[in-house]
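These notes are about the structure you will find just below.
The values are calculated or read from the model by the stated rules, or taken from the named source; none is laboratory data. The structure displayed is predicted, hence computed values, not measured ones. Please note: Cβ atoms are built from the backbone with ideal geometry, for glycine as well, and neighbour counts cover all protein chains shown. Surface areas here come from the heavy atoms of the whole protein model, side chains and all, with no ligands, DNA or RNA. Shrake-Rupley method; radii C 1.70, N 1.55, O 1.52, S 1.80 Å.
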Amino acid sequence: MTGRAALGLSPLRESPDFRRLWVGQGLSQIGGQLTVFAVALQMYRLTGSSAAVGGLGLAVAVPNILFAVLGGSLGDAVDRRRLVLVTSSLQAGVSALFAAQALAGLRSPAVLYALVVVQSLVGSVNAPARRTFMARLLPRERLAAGAALNTLALQLAAVLGPACAGLIVALWGLRACYALDAISFGAALYGVARLPAMPPAPGAPRPGPAAIGEAFGFVRHRSEVAGAFLTDLSIGLVASPTALLPALDAERFGGRTGVLGLLTAAGAVGGVLGSASSGLAGRVQRPGRGALVGCAVYGLAVAGLGLAHSLWLALVLLALAGAADTAAVVFHSTVVQLVTPDQLRGRISALEYVVGMGGSQLGRFRAGAIGTLTGTTAAITGGGLAAVGAAALVGAALPAFTRYRVNGPADARPAPVG
């Protein structure tokens, strides 16, 4: 197996549109990480409060959870390319406002919260619509590789963004992070502007409660999609140990900041390595089964982390968990892309976005609460074992998810609603 085949570069070679979109989105995601880093640091400098920094997570999560599905219904009713161009331009404007408030020295936590909320509201429309592009740009047999490449770009941004942000703040200050994020949207806008028009499917419903209800009805009647969402929740909500890493570091590794940084980065590094196997993911004919295997491996790795007292073992297990998580995301995203008809793709992408983002945020709360009640070891190990059990339950309860084949009948018809 060559490195080129393992990485799965066929979507980039074969589709210039996908290549431009991927490069532009990847650069913009690195810029987005600069702003995430800068906002958290600026909030802490202004307030000295970890709770105030944690409040930024709520400012991100609540608008997304409340409005993403409505944004998805809008994406099914209008030209998605134009919608993403408009929302990406608005996001660039918000980044410019972040830079302006830093330059003006406003020193206002309220302004930061307000800008984060606006940014999240715009993102709740942008992200679901952007997720629909891949299915129109790539053939069915390339969707798994395309999903893996998108995940690779996201993981690389998670690794490179904070590292670059720390250096940029040290050299030029917070305002430089915000300004570079605004500039990075130029790459994303170029990638989207060069795409063909993406008008709504014939008979697309008007945005609103009826359109949202149709999406929920589709998930209820298509167990492949329900299985994909439940697999995602089995990792992010049930087992994620992210909130417990500071406690793990304090209890076993001396509470050193550098060690905590290694623990935090290990999962992202594993995710990058997992994404680099996108060519192998494209060879898997039963992606639902692959997602459940990834979920189970993630759970076992996290369970082992709870028992690990060696730093090198903890880092290896976190990297393995990151790789397994990435594999599960690639596989269950492939199922969603293949099963969902185009006229529902915006709304289903919005639900997928809410499940992934909301589950991870609630999972942090779950981990912290259980860790406080039962201790770090029990919380981490118990969450990992629970993910293994959840994967088994999803596979047993939704056999259509495990049996679904990439090269089976292209059964992407709307399911009955009711």
Checklist entry - For the stretch 151-293, what is the accessible area per residue in Å² when the probe is 1.4 Å? => result 44
Next on the checklist: For the full complex of protein chains and a 1.4 angstrom probe, list Phe185, Phe37, Phe98 by accessible area with the highest value first.
Outcome noted: Phe37, Phe185, Phe98
Checklist outcome for this item: Per residue convex hull volume, Cα only, the stretch 263-365, in Å³ is 100
Checklist outcome for this item: When the chain is treated as a Gaussian network with springs between alpha carbons less than 10 Å apart, the largest mean-square fluctuation among Leu46, Leu174, Leu97 is found at Leu46
Next on the checklist: Can you work out the Karplus-derived ³J(HN,Hα) for every residue in the stretch 357-364? Use 6.51 cos²θ - 1.76 cosθ + 1.60 with θ = phi - 60°, whole Hz, and x for glycine or proline.
Outcome noted: 6, x, x, 5, 5, 5, x, 5
Item to check | Arg222 long-range amide H proximity, modeled H, under 5 Å | outcome: none
Checklist entry - Here are several values of P(r) over Cα pairs in 10 Å bins from 0, in percent: (i) 5, 22, 28, 22, 13, 7, 2, 0; (ii) 5, 25, 35, 24, 9, 2, 0; (iii) 5, 21, 33, 28, 12, 1, 0. Which one was derived from the coordinates shown? => result (iii)
Checklist entry - Which of the listed residues, Leu180, His221, Leu156, is farthest toward the dipole's positive end in the stretch 112-223, when Lys, Arg count +1 and Asp, Glu count -1 at the beta-carbon? => result His221
Checklist entry - Rounded to a whole number, what % of the accessible area of the chain do carbon and sulfur atoms account for, probe 1.4 Å? => result 69
